[in-house]
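The values are calculated or read from the model by the stated rules, or taken from the named source; none is laboratory data. Here the structure is a predicted model, which means the values were calculated and not measured. Positions of Cβ are generated from backbone atoms using ideal geometry, with glycine treated the same way; all protein chains shown enter the neighbour counts. These accessible areas exclude ligands, DNA and RNA; they are computed on the full protein's heavy atoms, side chains included. Shrake-Rupley method; radii C 1.70, N 1.55, O 1.52, S 1.80 Å.
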Amino acid sequence: MPASGPRVSVVMSVHDGRPYLPQAVQSLLGQTFKDFEFIIINDGSSDGSRAVLERFAERDNRVRLVHQNNRGLTASLNRGLELARGTYIARMDDDDISRPDRFERQVRFLEANPDVGVLGGAARVIDETGEPVDYWMPPTKHGHITWRLLFNACFTHPSVMVRRSLLQNLGGYADWARCSQDHELWTRAAQETRLAALPDELIQFRRSEGSITATSREAQMNTNCRAAAQLHQALLGSAADDDIAHFLVWLHQFGLDTATEETGIDDYRLVFEYLRVLYRAHVERFCEDGSHVPVRREVLPRLDRMAEEVAKRQGWGAGVWHKARARLMPPMKDAIPWMWRAARDRLSSTTPSVS
């Protein structure tokens, strides 16, 4: 390993990671890109994971194994960041599988795009047996990614590679974020650097009954809401509304009824107006890369949903008026390309195929 340190530092926290741990570790040690160190924090495992990791550390000197009492994922990741020496930090979880060329692709992209500080990628979702059950394709452009961050995380955390200098400037993961710590981190990173994602499948992301998303839903949603509100504040300043920000997170993930129940907000005209202001502020700050069209395509269904609720209370005319205002909302430069693409999509869906 060069005296100046490796190009990439991989950071992985392990807590009772068997039986998937050997496959996860081997998928990294078998990377086509070789210039990396593999920092593994054994976070108080009691299921035999320690012995598995020690065997890997004995066989490969790139593995830097640290044992500690259980401190949780956020604290473990921050400890790994403190130990890292690489130019780039790659994340990995103990039950996922990285493609052999993952690091090669990500390093090549980051070297060619110095303005990008955070890079994710597509992921194939697998179940506990390794069978594919879904596919995760994040948006690839900065403007579209940051729009998604206003409501939820947009990357699979173990697919990401980040510049270490950026993480140092940001102070790492927020200590208070027990779950969804990546969502909180990306909302801060988006204000300092550009975010991107490769359209390539980089990992197989395992979804199991023991995952954080299945066992800690309340903590996850609390972090999502707080992280989203943080980015709303950055965009809107004093016009930001934490309650509406939380409503929009619940709406995005669970629908209108749950959002209303969880937040108590049922003034959908207020939500409609807030979304229009949020969209305009976001486009003006983040969408210089041409990503305003897909963002507009995502905001319009939400505005239409609010318009439908307004119509139920104030009549058909009020609903039509709100839908029209949604389509004509500034900046007007977005309206023409959006209408052109919408018309093209409708035409292609109605044109009969020629046999």
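Mind pulling the angle between the C-alpha long axis of helix 102-112 and the longest principal axis of the chain? Nearest 10 degrees, somewhere in 0 to 90. On a 0 to 90 degree scale, this one is about 60. The charge dipole of the chain, taken about its Cα centre with unit charges on the Cβ atoms of Lys, Arg (+1), Asp and Glu (-1) only, comes to about 1060 debye.
Based on C-alpha pairs under 8 angstrom that are at least 6 apart in sequence, the stretch 116-262 has a relative contact order of 31 percent.
Counting only DSSP beta bridges with both residues in the chain, tell me the antiparallel percent, nearest 5. If we restrict to bridges inside the chain, about 30 percent are antiparallel. Surface analysis of the chain yields an accessible area of 45 Å² per residue, using protein heavy atoms and a 1.4 Å probe. Distance between the C-alpha centres of the stretch 112-126 and the stretch 236-291: 26 Å, rounded to the whole angstrom.
So for the chain, what percent of the C-alpha to C-alpha distances run longer than 40 Å?
Tail of the P(r) past 40 Å holds 19 percent of the pairs.
Considering only alpha-carbon pairs that sit under 8 angstrom and 6 or more positions apart, the relative contact order computed for the chain is 15 percent.
Accessible area per residue (1.4 Å probe, heavy atoms of protein chains only) ranks 34, 323 as 34, 323, with the largest value leading. Couplings 3J(HN,Hα) of the stretch 218-233, computed from phi: 5, 5, 5, 5, 4, 5, 4, 5, 5, 5, 4, 4, 4, 6, 4, 4 Hz, in residue order, whole Hz [Karplus 6.51 cos²θ - 1.76 cosθ + 1.60, θ = phi - 60°; x for Gly and Pro]. With the cut-off at under 18 Å, measuring from each backbone N in the stretch 264-282 to a point 7 Å along the Cα-to-Cβ line of residue 328 picks out 273, 276-277, 280.
Counting only residues at least eight positions apart within a chain, or on another chain, the aspartates and glutamates with an alpha carbon under 12 Å from that of residue 34 are 60, 101, 104.
Calculate how steeply helix 292-314 sits against the longest principal axis of the alpha-carbon atoms of the chain, using the helix alpha-carbon long axis, and give the answer as 0 to 90 degrees to the nearest 10. Compared with the principal axis, the helix lies near 50 degrees. Remark on residue 128: its backbone amide H falls under 5 Å from none of the residues 5 or more positions apart or on other chains, H modelled at 1.01 Å from N. When only the Cβ of Lys, Arg, Asp and Glu is charged (+1, +1, -1, -1), the dipole of the stretch 65-178 relative to its Cα centre reaches about 500 debye.
Between the residues 307, 324, 275, the greatest Cα displacement towards the positive end of the dipole of the stretch 242-336, with unit charges on the Cβ of Lys, Arg, Asp and Glu, is found for 324.
Between the exposed loop cleavage positions of the chain, defined as GluC sites (Glu not before Pro) in a non-H, G, I, E, B DSSP state with at most 12 neighbouring beta-carbon atoms within 10 angstrom, the longest gap is 1-191.
In whole percent, and with a 1.4 Å probe on the protein chains, what portion of the accessible area of the chain is carbon and sulfur? With neighbouring chains kept in place, the figure for the chain is 49 percent. Evaluating 6.51 cos²θ - 1.76 cosθ + 1.60 at θ = phi - 60° for every residue in the stretch 245-252, the Karplus couplings come out as 4, 5, 4, 5, 5, 5, 4, 4 Hz, glycine and proline recorded as x. When the Cα gyration tensor is reduced to axis lengths a ≥ b ≥ c, the ratio a/c stays below 1.5 for the stretch 63-175, which is therefore classed as rounded.
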